[in-house]
Amino acid sequence: MAEFVTITKQNGIGIITVDNPPVNALSPGVPEGIVECVNAGNADPEVRAMVLRGAGRSFIAGADIKFLGQKKTEAGLTYRTIIDDSAKPIVAAIHGYALGGGLETALACQYRVATESAKVGLPEVLIGVLPGGNGTQRLPRLIGPKAALEMIVTGRHVPAPEAHSVGILDAVSSDDGLLETAVKLAERVAEVRPLPRIRDNDEKLAEAKADPGMFDAMRKKIERRARNQKAPYHCILCVEAAVSLPFDEGCARERELFDELVMADEAKSLRYAFFAERQANKIPDIDKSVKGRDIDSAAVVGAGTMGGGIAMCFADAGIPVKLLEMNAEALDKGLAKIRANYETSVKRGSLAADAADTRMGLITPALEYDLIGDADIVIEAVFEEMPVKKDVFGKLDAVMKDGAVLASNTSTLDIDEIASATKRPADVLGTHFFSPANVMKLLEIVRGDATAKDVVATCTALSRRIAKVGAVCGNCDGFLANRSRAPFQTEMNILIEEGARPQQVDKVMVEFGYPMGPFAVGDLAGLDIGHAVRQRRKKEAPNEYRALPIPDRLFELGRYGQKTGAGWFNYKPGDRTPYPDPVVDQVIEEIGRQLGIEQRDFTDEEILHRLLFASINEAAKILEEGIAYRASDVDVMWLNGFGFPRYRGGLMFWADGIGVKRIYDTMKVWQERYGDRWKPAAMIEELAANGKGFLDD
Ligand code: NAI
């Protein structure tokens, strides 16, 4: 135990240090160590008070998720009570993170201080459980049920200054003055008796008695976001229990509700997603010895829809970025859009006005290539045309300094061909952002044939810095994300040709857990965009092109989607609700007749399976070709790029839940009925024959 937790003495203050790299997670052995040290401090007459802190980069960052759902050790269950019952005061000294079990440990201490850059929170809900270490009982007593409810139900990270103002922290120190501040506080409170124990103080709970509707109001508020999920509602039940039950009974209720969640599918899927995202950063042939390049500055070429959003990602992360355009007009337009985006955030209250100014100040406009040559990375986001891209990369090759990373945001073009426009293809790769680039989490990192390993490593590290979830894949048409998604897109149109209605398809997918149905998404993106893409494909790849006569007809009718007030659905001014339209039904029936396709009804299950199985088949081919390293990377991309419901784990995790054998059998029936687009990929055939899943070893 001494290997994880030690106690030293400094002028009568016992300093307890948890040292369990990398982030001092509460793995077995850590609670035992804390108990031993707290007992030692209490037994030592020279010790008047104690400080509990973490070694290395963080306080106790949280529970060890690897052990979640396993039986807790005796100390794992009781160490907080031992801290709480300590005869001498204990000051938690927090730097880095105190999340989940980390904050719950700090809440058991009598006092808490943190550095100004530290973050605290109870994010358990994000992995489908609830704070099971009495966090739901202590936090409402400390800051009031309303504020606690908000923190526990959203799981958000709270910055130290805010945590201080709501009363979670007693003091905030400079980043290098933490120990000194904690020790001073410990000295000051050494003789205070009785010690302030959160469990004993019910004063703040009165707030809920005055406003008993707050719990139902919260349930109502999360209705949409928490659809099909249990954990957020169980969190609310726990805070209700904190208000209505004595502390110990509330803790028992919390444990009961936690146990109900921890082994349920929701928590399993969310835990899986958590690990899948971490694994996505590990590339089989790139080990830790490959160091990424330093990125202290960036440049973006093209200030359109994507370029502007990408520049914001850098500015948001505090990285100075130059934004290059063809002419002053386009540049001004791009900058105005960025400014408007920040102003919206300020108006909404999610960004301070001075922070918006700081971020705007990090974006430097440029009209000459020479001005961007010193950037550590440049991301190209110009028109999606190979000659234009090659021209830009030729110019970048001429001006960018040695060692700069040259990235393209192309969504369809060949990265190797783009790289061939330079004399340094090893420095070139794809960094594919999703729209809107400043919001969507996914960064699809596309590795060309010649891309150097350290360039890939640079971008996986960069993805974290700019708050994205990075996942790497090889170079092919559509790369991993869009290529695996394309058959879903085709299939939804085929369903319509066969007589399904957009409103039924959308209802099925929303009930499954997508935030919006795919046809409503089409209306948001604009039917004109899809039409233009099809026209281009018809010209460029006539063999792979499949006509989609229904959306083409809607396009011809001027129904471009939300922007024209009508597309797959109708829209009323100022209202984004999609309303079904008999005109669309007529178009569907007419085209069905023209094509001679029998019109029929669909069960919800067939719709769901047709859409998702089509993509699973393509994803299997992508895996076979080695374009994807692992099935979980497909899931990471679908979760963060396409709004796939996280509590279902991801496309391939969901497929394994159904069973690859069952999917294979269904595909064989459909192959017979609908033709060879349903021919199962070889990988699916093999897995089905062996009774295995995509995620089995
Ligand atoms: P956009 O048309 O909104 O913006 C392109 C911008 O590049 C324009 O402002 C244009 O003036 C500028 N530009 C063109 N040639 C240039 C040059 N030689 N030098 C400097 N600036 C130049 O296009 P969007 O939608 O931003 O797309 C950009 C890239 O991102 C494309 O490769 C596209 O395929 C890709 N992409 C687009 C997504 C989307 O949803 N719009 C999603 C993911 C990738």
Please check which bits of the range 92-114 a label hung off A55 would reach, taking the label as a point 7 Å along Cα-to-C-beta and the cut-off as backbone N under 18 Å. 93-97
Using alpha carbon centroids, what distance separates the range 291-321 and the range 461-518, in Å? 26
Where the only charges are on Cβ atoms (+1 Lys, Arg; -1 Asp, Glu), what is the dipole of the chain about its Cα centre, to the nearest 20 debye? 640
Once the piece of chain linking K288 and R225 is laid out straight, how much longer is it, given 0.36 nm per residue of separation minus the C-alpha distance between them? 18.9 nm
Residues of the range 14-49 with the amide nitrogen closer than 17 Å to a label point 7 Å from the Cα of R193, along Cα-to-Cβ, please. 42-49
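Taking the convex hull of the alpha carbon atoms in the range 340-438, what volume per residue do you get, in Å³?
113
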Taking 7 Å along the Cα-to-C-beta vector as the label spot, tell me the D248-E497 distance in nanometres, rounded to one decimal. 7.0
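When the accessible area of the range 481-586 is split by element with a 1.4 Å probe, what percent falls to carbon and sulfur? Intermediate values should be presented prior to the final figure.
Details: 2770 of 4910 Å².
Roughly 56 percent, rounded to a whole number.
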Rolling a 1.4 angstrom probe over the protein chains, ignoring ligands and nucleic acids, what is the accessible area of D332 in square angstrom, nearest 10? 100
Once every Cα of the chain carries one equal point scatterer and solvent is ignored, give the base-10 log of I(q)/I(0) from the Debye formula at q = 0.09 Å⁻¹, two decimals. -0.91
Compute the length gained on full extension between M516 and T603: take 0.36 nm times their separation in residues and subtract their Cα-Cα distance, giving the result in nm to one decimal. 29.4 nm
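What is the packing order of peptides 119-125, 7-13, taking the mean over residues of other C-beta atoms within 10 Å and listing the highest first? Show your work: numbers first, answer last.
Details: 119-125: 25.4, 7-13: 15.1.
In decreasing order of mean packing, 119-125, 7-13 become 119-125, 7-13.
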At 1.4 Å probe size, put D601, D633 in order of accessible surface, largest to smallest. D601, D633
Can you give the angle from 0 to 90° between the axis of helix 30-43 and the longest principal axis of the chain, with both taken from C-alpha atoms, to the nearest 10? 20
Using the Karplus equation 6.51 cos²θ - 1.76 cosθ + 1.60 (θ = phi - 60°), what ³J(HN,Hα) coupling, rounded to whole Hz, does each residue of the range 196-201 give in order, writing x for Gly and Pro? x, 10, 4, 4, 8, 10
Determine Rg/Rh for the range 219-330; Rg is computed over alpha-carbon atoms and Rh is the Kirkwood hydrodynamic estimate from the same atoms. 1.21
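By how many nm would the segment from A547 to D528 grow when fully extended, if each residue of separation counts as 0.36 nm and the alpha-carbon distance is taken off? Mind showing how you got there, number by number?
Details: separation 19, 0.36 × 19 = 6.84 nm, distance 1.46 nm.
So the extension gain works out to 5.4 nm.
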Candidate aspartates and glutamates - alpha carbon under 17 Å from K507, same-chain residues fewer than 8 apart omitted: E223, E491, D523, D581, D585, D601, D604, E605, E606
Site T305, offset 7 angstrom along Cα→Cβ, radius 17 Å on amide nitrogen, limited to the range 639-670, gives 641-643
Taking Rh as the Kirkwood radius computed over C-alpha pairs, what is the Stokes-Einstein D of the range 298-476 at 25 °C in a medium of viscosity 0.890 mPa s, expressed in µm² per second? 153
Summing +1 per Lys or Arg and -1 per Asp or Glu among the other residues with Cβ less than 9 Å from A93's Cβ gives +2
Charge dipole (the chain, unit charges on Cβ, about Cα centre) - positive-most of P31, C459, F247: F247
Sequence-distant or interchain residues sharing an amide H contact under 5 Å with Q10, placed H: which? I15
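With a 10 Å radius around each residue's Cβ, average the other Cβ atoms per peptide and rank 272-285, 131-144, highest first.
Numbers: 272-285: 16.9, 131-144: 25.4.
Sorting 272-285, 131-144 by mean packing, highest first, produces 131-144, 272-285.
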Between the Cα axis of helix 582-595 and the main Cα principal axis of the chain, the angle (0 to 90°, nearest 10) is 50
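Heavy atoms only, 1.4 Å probe, whole protein assembly: order S165, S632 by accessible area, highest first.
S165, S632
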Using helices alone, I'd like the mean residue ellipticity at 222 nm for the chain: each DSSP H run of four-plus residues gives -39500 (n - 2.57), total over residue count, nearest 500. -15000 deg cm²/dmol
Ranked by how many other beta carbons lie within 10 Å on average, peptides 589-598, 89-98 from highest: 89-98, 589-598
Explain nothing, just the number: dipole magnitude of the range 298-476 about its Cα centre with +1 on each Lys and Arg Cβ and -1 on each Asp and Glu Cβ, in debye rounded to the nearest 20. 640
At what distance in angstrom do the alpha carbon centres of the range 29-67 and the range 387-446 lie from each other? 48
In nm, give the distance between the simple-model label positions of A355 and R662, each being 7 Å from the Cα along the Cα-to-Cβ direction. 4.5
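Just add up the charged neighbours of I295: K/R +1, D/E -1, any other residue whose Cβ is under 11 Å from the Cβ of I295.
Cβ neighbours under 11 Å give a net charge of -1.
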Per the range 78-127, sqrt(5λ) over the Cα gyration tensor eigenvalues, sorted largest first, in Å, gives 20, 15, 5
For the range 5-263, what value does the Rg/Rh ratio take when both radii are computed over Cα atoms and Rh is the Kirkwood radius, given to two decimals? 0.96
Could you calculate the FRET efficiency of T577 with A336 from 1/(1 + (r/R0)^6), where r is the beta carbon distance between them and R0 is 25 Å, rounded to 0.05? 0.25
Determine the principal axes of the Cα atoms in the range 293-393, then give the extent along each, sorted from largest to smallest and rounded to whole angstroms. 43, 30, 19
Convex hull projection area averaged over all views, the range 553-593, Cα basis, nm²: 2.6
The helix 631-641 Cα axis meets the longest alpha-carbon principal axis of the chain at an angle in degrees, between 0 and 90 and rounded to 10, of 90
Just want to confirm a number: the relative contact order over the chain, from Cα pairs under 8 angstrom separated by 6+ residues, in percent. 9
Kindly provide the pair-distance distribution of the range 435-538 built from C-alpha pairs, with 10 Å bins from 0 and whole-percent values in order of increasing distance. 12, 33, 32, 18, 4, 0
Could you compute the net charge surrounding I588? Neighbours are other residues with a C-beta less than 12 Å from the C-beta of I588; K and R count +1, D and E count -1. -3
Summarise the accessible area of the range 47-104 (1.4 Å probe, protein heavy atoms) by the percent that is carbon and sulfur. 56
Quick calc: nm separation of the 7 Å Cα→Cβ label points for A217 and Y674 -> 4.8
Mind giving me the FRET efficiency for K538 and E590? R0 is 22 Å, r the Cβ-Cβ distance, nearest 0.05 is fine. 0.50
For the range 354-366, 3J(HN,Hα) per residue [Karplus equation, 6.51 cos²θ - 1.76 cosθ + 1.60, θ = phi - 60°, Hz, x = Gly/Pro]: 6, 5, 4, 4, 4, 5, 4, x, 7, 9, 9, x, 8
Dividing the alpha-carbon radius of gyration of the range 481-586 by 2.2 N^0.38 Å, where N counts its residues, gives 1.05
Integer Hz, Karplus 6.51/-1.76/1.60 couplings in order for the range 518-526, x for Gly and Pro: x, 6, 5, 5, x, 5, 6, 5, x
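The values are calculated or read from the model by the stated rules, or taken from the named source; none is laboratory data. Just so we're clear, the structure is a prediction, and the values are computed from it rather than from any experiment. A quick note on method: Cβ atoms are made from the backbone with ideal geometry, for glycine too, and the neighbour counts reach across all protein chains shown. In case anyone asks, the SASA skips ligands and DNA or RNA and just uses the protein heavy atoms, side chains included. Shrake-Rupley method; radii C 1.70, N 1.55, O 1.52, S 1.80 Å.
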